[in-house]
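Single-structure report; data block below.
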Amino acid sequence: MARMTMREAISRALWEEMERDESVFIMGEEVGVWGGTYAVTKGFYDHFGPDRVKDTPIAETAIVGGAIGAALTGLRPVAELMTINFAFVAMDHIVNEAAKLHYMFAGQFKLPLVIRATSGGGRQLGATHSQTPDAIFAHFPGLKVVSPGTPADAKGLLKSAIRSDDPVLFIENATLYQVKGEVPEDKDYLEPLGKSKVQREGDDVTIVAYSKMVQAALQAADMLAEDGIEAEVVDLRSLRPLDMDPVIASFKRTNRAVVAEEGWRSFGVGSEVSARIYELAFDYVDAPVKRVAQAEVPLPYNADLEQLALPQVEDIYLAAKEVVYG
Amino acid sequence: MDKKDYLSLYQEMVVIRRIEERSAELYQRGKIGGFLHLYIGQEAVCAGIGSVRQAQDRIITAYRDHGWAISAGIDPKIVMAELLGKQDGCSRGKGGSMHMADVDLNFWGGHAIVGAHIPIAAGLALGDVYQKNDEAVTICMFGDGATNIGFFHEGLNLSKVWNLPVLWVCENNQYGMGTSVGRASAVSEIRQKAEGYGMRNERIEGMDVMNVRKDVSRVLDTIRKEGGPYLLEIMTYRYRGHSMGDPERYRAKEEVKKWEEEDPIGIFRRYLVAEKIATEAELDTQDDEAEKITEEAVQFAEASPNPGKDELFEHIYVEPTPIEYRGYKLEKESEEN
């Protein structure tokens, strides 16, 4: 184990997979000479060269479409979209091509493709650059959507995504890059795609979260512990395929749940997870499932207003108290 | 080319024509669903390119793909089975008219979103460059209508910036659905758009298959020798509407008639007779043979079973993945078979 930031864990996963497999290469805006806008691919260009660390024009359709074509020839492209907000430009290729080609041609086409994108707000980037639209992408069968909440998972999940023969959208929360944690150094350390994980055990309330909200949920759990409430934190890690088993197992013990996400509440991750709790564990429900999410506004630039709109640790804490005490 | 090659090229064009005519009929009888975009009138383009491309050259096209499927080498029986949505279709009945492919034949579909396959074609060529498949060229077809969409411009730009071996082929049939080139494109010659990307380009005549063969093989040689992309605008014409639901209010009957007199099959037939490569009687025999192949394809497709229920959950993912059906997790996981 080594202590490192999420940024280092992601960078390490990319580096190791490129060392391991010649067919892995990176393409995207400023991934090469610049070293990545979030410095994740710093040093890659000098080490791996311009053929494997390819700077692209600012043209998301060309990035994702080109990566799909390269993947069809058997390569394993890691296409970087600077932010998930730019994925809308490439929406057709993500939704109509990447998610469908394997099925539509009855298995003839394989897409060992990873699309990396940063998501989340809180950096005063204004409404167009601060969205957390992760749930939208989880709507489409054929695409895998993964979003880690800890440095260790970031490494293990990204390595699995790169080795996967399916197209994976790998969502990183930009405000988590500095979060530190213990990360296995094993070059074959893999975390399975489509498997949720209990990040903290507890018997009183289940907090379901993913990505940045895992960190927030763990902090809320510490606050709850001081009040004598033991929260179990279940990290979804993948939004599609969605693994409800650990959530349901936990809920059957706690009978109470909060679902936290950074994106908007309507038609979101919390909507899906809570609906499934009611479907799969209705007899165990002791209180209505609470959803913690972003206020339904385009995120404003002003820092105070922005934080007012974003879900906070305190919101999770209060929601948990509410489902426990009614 | 020896006599056998000429005859088989002629037969291929007639088979494509007959398969499309039968498809129209089957569509009207409700046996083919969804959309149906016929290739009738454009046969010289796919037959010409198909007969000069090499096995390592990747073919990728838009939704008007039945002719391309046949010229790439997919058996007309399999094409017809796909049109009827049957298990023996090249996409097991899950793709339909617009989504035909055979990866073993290097035919990469069949793509239904206008222009979306253009950046994918650049990616296919990138794959060949990366893997040092030096002799391979990706041949990407699209209609004149697709050259007005962003995908086209991003794809062309990328192919030039990265010097990718792509033959961009605009099959200019002069209408994007019902809107003529003059009403939709800022320039009247599509090839001019390649100029904006500093790309070699040319406009050629596409109703004479021998002409298509000559020009395309020359351009493919240039790409193989010099690398980089090249745009060919091939002038052609579709006799039928955009799809089966097209009322065709946008063009005069005389215009269609004029082009039909320049029919690619008729032109090739006259050439073969004039050059004494084949007699009328020999070509009649080819026509009969094409008729027979078409009839057998329809019979095969009609007899092919519908895809079973299991097919619904096959090929969502390559890796085993839990699947749900109407709120219940199924025991079996979706995986390769």
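The values are calculated or read from the model by the stated rules, or taken from the named source; none is laboratory data. None of these values were measured; they are calculated from a predicted model. Counting neighbours? That spans all protein chains shown, and the Cβs are built from the backbone with ideal geometry, glycine included. The area values use the complete protein model at the heavy-atom level, side chains included, leaving out ligands, DNA and RNA. Shrake-Rupley method; radii C 1.70, N 1.55, O 1.52, S 1.80 Å.
General observations
- Within the stretch A:27-56, being within 12 Å of chain B (Cβ to nearest Cβ) and touching a residue at least 24 places away in the same chain (Cβ under 8 Å) holds for A:Met27, A:Asp51, A:Arg52, A:Lys54, A:Asp55, A:Thr56.
- Every residue from the stretch B:84-112 that is facing chain A (nearest Cβ under 8 Å), within 17 Å of B:Arg53 (Cα to Cα) and open to solvent by 30 Å² or more (accessible area, probe 1.4 Å): B:Asp102, B:Val103
- Filter result for B:Ala274 (among the hydrophobic types (A, V, I, L, M, F, W, C), exposed (fewer than 12 other Cβ atoms within 10 Å of the Cβ) and out of contact with any strand residue (DSSP E or B) (no Cβ under 9 Å at 6 or more places or on another chain)): yes
- In the stretch A:119-147, the residue that is nearest to B:Ser91 (Cα to Cα) out of those that are open to solvent by less than 10 Å² (accessible area, probe 1.4 Å) and hydroxyl-bearing (Ser, Thr, Tyr) is A:Ser147.
- When B:Arg251, B:Arg238 are screened for being within 30 Å of B:Leu283 (Cα to Cα) and either open to solvent by 20 Å² or more (accessible area, probe 1.4 Å) or outside any strand (DSSP E or B) (or both), only B:Arg238 passes.
- Among the residues of the stretch A:61-89, the one identified as over 17 Å from A:Val168 (Cβ atoms) and in contact (Cβ under 8 Å) with a residue 60 or more places away in the chain is A:Thr83.
- Pair list, Cβ < 6 Å and 6+ apart or interchain, from the stretch A:206-222 residues that are within 17 Å of A:Val179 (Cα to Cα) to residues that are of a type in the set (Ser, Thr, Tyr): A:Tyr210/A:Ser147; A:Ser211/A:Ser147; A:Ala220/A:Tyr317
- Residues in the stretch A:109-143 that are basic (Lys, Arg) and farther than 21 Å from A:Val78 by Cα: A:Arg123 only.
- For the stretch A:176-198, the set of residues classified as out of contact with any helix residue (DSSP H, G or I) (no Cβ under 6 Å at 6 or more places or on another chain) and within 21 Å of A:Leu239 (Cα to Cα) consists of A:Pro192, A:Gly194, A:Lys195, A:Lys197, listed by residue number.
- Residues of the stretch A:94-118 satisfying the condition of being more than 10 Å from chain B (Cβ to nearest Cβ) and among the basic types (Lys, Arg): A:Arg116
Matching residues to (1) within 13 Å of another protein chain (Cβ to nearest Cβ); (2) open to solvent by 30 Å² or more (accessible area, probe 1.4 Å):
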{"position": "B:Val114", "(1), (2)": "yes, yes"}
{"position": "B:His117", "(1), (2)": "yes, no"}
{"position": "B:Thr138", "(1), (2)": "yes, no"}
{"position": "B:Met141", "(1), (2)": "no, no"}
{"position": "B:Trp162", "(1), (2)": "yes, yes"}
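- Of all the criteria given as (1) touching a Phe, Trp or Tyr at 6+ places or on another chain (Cβ under 7 Å); (2) away from every other protein chain (no Cβ under 14 Å), the one not satisfied by B:Pro229 is (2).
- In the stretch B:259-287, the residues that are more than 24 Å from the chain's Cα centre (by Cα) and in a helix (DSSP H, G or I): B:Arg270, B:Tyr271, B:Leu272, B:Val273, B:Ala274, B:Glu280, B:Ala281, B:Glu282, B:Leu283, B:Asp284, B:Thr285
- Check on B:Tyr27, touching a His at 6+ places or on another chain (Cβ under 6 Å) and open to solvent by 30 Å² or more (accessible area, probe 1.4 Å): no
- Options A:Ala79, A:Ala152, A:Ala71, A:Ala90; residue that is touching a Gly at 6+ places or on another chain (Cβ under 9 Å), more than 7 Å from chain B (Cβ to nearest Cβ), more than 20 Å from B:Ala125 (Cα to Cα) and not hydroxyl-bearing (Ser, Thr, Tyr): A:Ala152
- Counting only strands (runs of 3 or more DSSP E) wholly contained in the stretch A:180-272, the ones carrying 2 or more residues that are open to solvent by 10 Å² or more (accessible area, probe 1.4 Å) and within 14 Å of another protein chain (Cβ to nearest Cβ) occupy A:238-240.
- Residue within the stretch A:293-316 that is under 27 Å from A:Gly194 (Cβ atoms), at pLDDT 95 or above and in contact with a Ser or Thr (Cβ under 9 Å, 6 or more places away or on another chain) present: yes
- Of the helices (runs of 4 or more DSSP H) lying entirely inside the stretch B:1-118, those containing at least 2 residues that are more than 14 Å from the chain's Cα centre (by Cα) and modelled with pLDDT of 95 or more span B:3-28, B:76-83.
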